[in-house]
Each structure stands twice: as C-alpha cells, then as structure tokens.
1. Residue under question is residue 378, and the condition is that it be at pLDDT 75 or above, surrounded by 21 or more Cβ atoms within 10 Å (Cβ to Cβ) and closer than 23 Å to residue 352 by Cα; does it hold?
2. Conditions first: (1) open to solvent by less than 30 Å² (accessible area, probe 1.4 Å); (2) over 23 Å from residue 423 (Cβ atoms); (3) not small (Gly, Ala, Ser). Residue 264 passes all but one, so which condition is the exception?
3. If I ask for residues that are closer than 30 Å to residue 237 by Cα and either touching a Gly at 6+ places or on another chain (Cβ under 8 Å) or not in a loop (DSSP other than H, G, I, E, B) (or both), which ones from the stretch 281-311 would you list?
4. Would you check which residues across the stretch 217-276 are more than 18 Å from the chain's Cα centre (by Cα), assigned to a loop (DSSP other than H, G, I, E, B) and closer than 30 Å to residue 107 by Cα and list them?
5. Of the conditions (1) within 22 Å of residue 427 (Cα to Cα); (2) among the aromatic types (Phe, Trp, Tyr); (3) free of Cβ contacts under 8 Å to residues at least 24 places away in the same chain, residue 310 clears all except one; give me its number.
6. Restricting to the stretch 324-350, and then to whatever is within 22 Å of residue 418 (Cβ to Cβ) and in contact (Cβ under 8 Å) with a residue 60 or more places away in the chain, can you tell me which residue is surrounded by the fewest Cβ atoms within 10 Å (Cβ to Cβ)?
7. Report yes if residue 93 is among the aliphatic types (A, V, I, L, M) and open to solvent by less than 60 Å² (accessible area, probe 1.4 Å), otherwise no.
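The values are calculated or read from the model by the stated rules, or taken from the named source; none is laboratory data. Treat the numbers as computed from the prediction; the structure is a model and nothing was measured. Cβ sites come from the backbone with ideal geometry, for glycine too, and all protein chains shown count toward neighbours. We work out accessible area using only protein heavy atoms, side chains counted, and drop any ligands, DNA or RNA first. Shrake-Rupley method; radii C 1.70, N 1.55, O 1.52, S 1.80 Å.
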Amino acid sequence: MTDLFACVQFNETGRGSGCSQAIMLVTDGAVDTYDYVFAKYNWPDRKVRIFPYLIGRESAFADHLKWMACANKGYFTQISTLADVQENVMEYLHVLSRPKVIDQEHDMVWTEAYIDNTRPQTQKLQGRQGPVLMTTVAMPVFSTKNETRNKGILLGVVGTDVPVSEILKAIPKYKLGIHGYAFAITNNGYILTHPDLQPLYEDGKKKKSSYSSVDLSEVEWEDKEDVLRNAMVNRQTGSFSMDVKKTVEKGKRVLVLHNDYYYTDIKGTPFSLGVALSRGHGKYSFSGNISVEEGLHDLEHPDVVLADEWTYCNTAEHPDHDFLSQIDAIKLYFSGEANIKCDMDLVQEVLFDAVVTAPLEAYWTSLALNKSENSDKGVEIAFLGTRTGLSRVNLFVMPDQLFNQDLLTAEDKELVFSADHFPLWYKRAAEQVPGTFIYSLPFNTGSENESVLLASSAIHLFDERESPISAAVGIQMKMEFFQRKFWTASRQCAALDGKCSISCDHDVSVVSVYLLYTRN
C-alpha cells in the first residue's frame, strides 16, 4: 500500500486539479483495509475516491477491497476474465459522473495544442495543406429523462476540433502594433497559441516533436524568475514589463525591444490570455473624413492587397460567404444585401489608408513608363504596407524576369502580413531612425549577379523614433545596381575630399506618402 499512501499524501498538498479526484487500485488482493491511511489523509472530507479492481477469480480479499470502496465513495470491481475487462473496467465513469449528471453540470474541457490533419474542405477554406495546430473542446452529454435523471446516466461526450489559426483571427492585430502579439497558455503553463510556436516537420510530412507540451518559458525568456509564467499559471490578472530580444527571419536576426505584458484568465476555460505590447507601438489609431464610395473605389485598385489572415469581415458565419475575399466582403457589407459582421474600426481605417495611398499608383506608373526608356534602373519591385494590413505592390519588371520571384508572396510568412505578425521589412524599418532606410540581403541569395537587395523605411508622423508609424515603404533592387550606385557616389566623394554625403534615388517617394498622411 506504499503507492496508495503516496497518492493520498500528494492530495494533501493541495496540488490537485480541483475536479473529481480518484485513485484506481489494481491488485490481486489486500490483506488489510488500511483504514488508518484513509483516516489520516482522506477522512472526514473523502475528497479522493477509491476504485479497487480485484484481478483473478479468487475472492478471499474481496471484502477488504469492497470496504475501501464504500468507505471512500468509490466502486469495487472484480475482473475474472478477459470479457470482464471491456464490460467492467469503465464502471468508475458512471460513479464519477453521477453527481454532475444530477446537477446538470456541463463542464467544458479544452486540450493543449496538438498537430492533426484537417479535412480537405477545411484546408481549402484556410488555404493550408497537411497537418495544422489544433485544440479540442469537449463536454458531457446527459440523459434528461425524468425517470433516469436521478440515476445519473452519462450518455457520452461531444466535442469538436478547432484550428488554432481560427483563434488567432479573433485577435485584433492592428490594435496591438507592429511588434505586439497575443498568446494563451493552459493552467499547466503549456502553450495553446504563441507566435513562436511553429510546427516542424521532416521533409514536410512527419511530425518532429510534440506541440502539446511546449512550456511558456521556452519562448518567453524571462530574467525575473518566471514572473509572467507563474502569474498566468495561477490565473492572476496583472501586468509587468521587461526587456526582450526577439528573433526574426527564422532566428537569423534579432530585435531588442521593451515589452509591456498584460495577462488575465479566460473564464470557463483552463486558459490564461497574455498580450505583449512594445512601447511606442499600438498606442495610436489613424482616421480621416472620407466617403465610403471613395474608399471602396481606391480599395479596388489592382495593386491593393489586404492581409488574408486578418478579419475585416467575418466570412465564416455563413456558407455563402466562405469564399469571399476580404475586399469583396467589405463591399458586400456596405451594399446592405447580406447580413455580415465587420470590424468597423478596422474597415474605416483601411478605407482611409486606401484613399491616402492611392496617388502612389499613378506615381509608380509614371516611374515604370520612364524605366521603359532606360531599362538599367535596377529597381524591380516597389511596395507599401500600412498598419491596417493594406499593401500596395508595383512590379517594374515582368514576373519571369525577377530573380527572387517569391519575395513578396504568401508562401514566405516573414514578408507578408499574417495573423500574428507584421512583415519582416516593416518590423525592421520601424526600429530605425525616422527618414532612414534599412538594407538587407536575403540569406538564401544566389550568385552575385542574381542577388537582390531589400530596402525599407518606416513613415513616422513626427521626426521622433517613438512617434506613431502610419506605414512603411520599400523596394527590391538588383545587388549589382546598388553596388554600381554606391561606388559611383564614393568616387564623387573622394574627388571632393569627402565633403559630401552618399545618397541613392530609390525610385519611391517616402516624402510624398508622408505628406499625404499629414495633410489628411
């Protein structure tokens, strides 16, 4: 009975789950009732139920085991044959569920994140293929007949699988700022969702590790004795701050940030929700006096794209809306022809951004026409992104002429707006001195003649690093073109005894976009 003693002693520490607690005792006999153990650790409250299972046909010790069960609100079962296993081993479920059935307690249970395959239809709706991160919610089903209710009959359990990506859609990314994010953990400290919880596969097929037991401390590296983790596990509400180093581009680059963390428990679930906000971001919103007609017109420009994973309008509530793009959903909402729910704050702001940035299309078109006369400019793509998930992209060369054709496609999650982060070029530009560009060379670049360089700059409303950021602009250019410009400017500086500054014509007017925002 040493193990039994240890289990009861563990319960005395108060570290149990707070739900029904039970000990399953599987044995071939008991020479005593061990009443002194129960008297010391389990009586008079009898918080732990004892369910003895007697293995074999011998009944000499059955009375002792029956007494343990009856004295501790349990149930005795004897397993004599293999047929008894299937029939009797689950008897404890009926006993444990009886009080909940009688009281009609429909407790819901949520699981940690795990990897599973979605149905083909679900994959089509989500734009994903293969395994995805999932969680499951389940609850018991009781008999409601009057003649059986007092017997506490559990009919079964009903549940559904929920892709974690669907939970992320409920997070208003545009309110959290460039580096902000939300995450959730269980009462054991395991992650349900976090931007750094990334599925890994071998050859894109096999699961490499379990994602149901990744602890928060593995992705939020605290230097204050796990203050955040302990508070969330204990389901507290509060906030605190700390300096963090966040990796981007799959761990190849590092950003140094100061984060404010806010956390609280989610009622009715075992989860706690946390939100991380980087100081200087996510504190302001932008709006202007524009008409809906004007906003919708500019939103339909061919160079405009909205973040696929952001929920401007909820297209999942009605089957007829499943295949609508977010732009089409916004148009449908304002037409009044269908009952569709939209985030009006986000919609109004993205319409404002569409109008403010519309002149860029004409500007880029004029540059493209000029480039047709001089094809040696070297700039391949110009792009802009706003804090509402709106992107404008202009190709100065044909797609089949691009060296890095997938640079701005949805396959590269680091470079587009997603449910849990802003694009990499947007993040890095936001941490630079206002009015300056940051340059980066992709790690997977090819030969020198085929290399491309990415340059981006954030648009601040004021000439201060902590001032609100309304958008970011950037270009992709040939590395050879940038080198040629650099060395030409360097030679000019050398001829002037260094009394000059090196600058490059980026073929994209940051100042013009800045003025468009401030004038509106």
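1. On the way: at pLDDT 75 or above: yes; surrounded by 21 or more Cβ atoms within 10 Å (Cβ to Cβ): yes; closer than 23 Å to residue 352 by Cα: no.
No; evaluated as a whole, the condition is false for this residue.
2. Only one criterion in (1) open to solvent by less than 30 Å² (accessible area, probe 1.4 Å); (2) over 23 Å from residue 423 (Cβ atoms); (3) not small (Gly, Ala, Ser) is unmet by residue 264, namely (1).
3. Listed by number, the residues that qualify are 281, 282, 283, 310.
4. Once the filter is applied, which keeps residues that are more than 18 Å from the chain's Cα centre (by Cα), assigned to a loop (DSSP other than H, G, I, E, B) and closer than 30 Å to residue 107 by Cα, the stretch 217-276 yields 234, 235, 236, 237, 267, 268.
5. Failed condition: (3).
6. 345
7. Working: among the aliphatic types (A, V, I, L, M): yes; open to solvent by less than 60 Å² (accessible area, probe 1.4 Å): no.
In short, no.
This table checks each residue for (1) on the phi > 0 side of the Ramachandran plot; (2) open to solvent by less than 80 Å² (accessible area, probe 1.4 Å); (3) at pLDDT below 85.
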position	(1), (2), (3)
4	no, yes, yes
8	no, yes, yes
13	no, yes, yes
17	no, no, yes
25	no, yes, no
35	no, yes, no
38	no, yes, no
43	no, yes, no
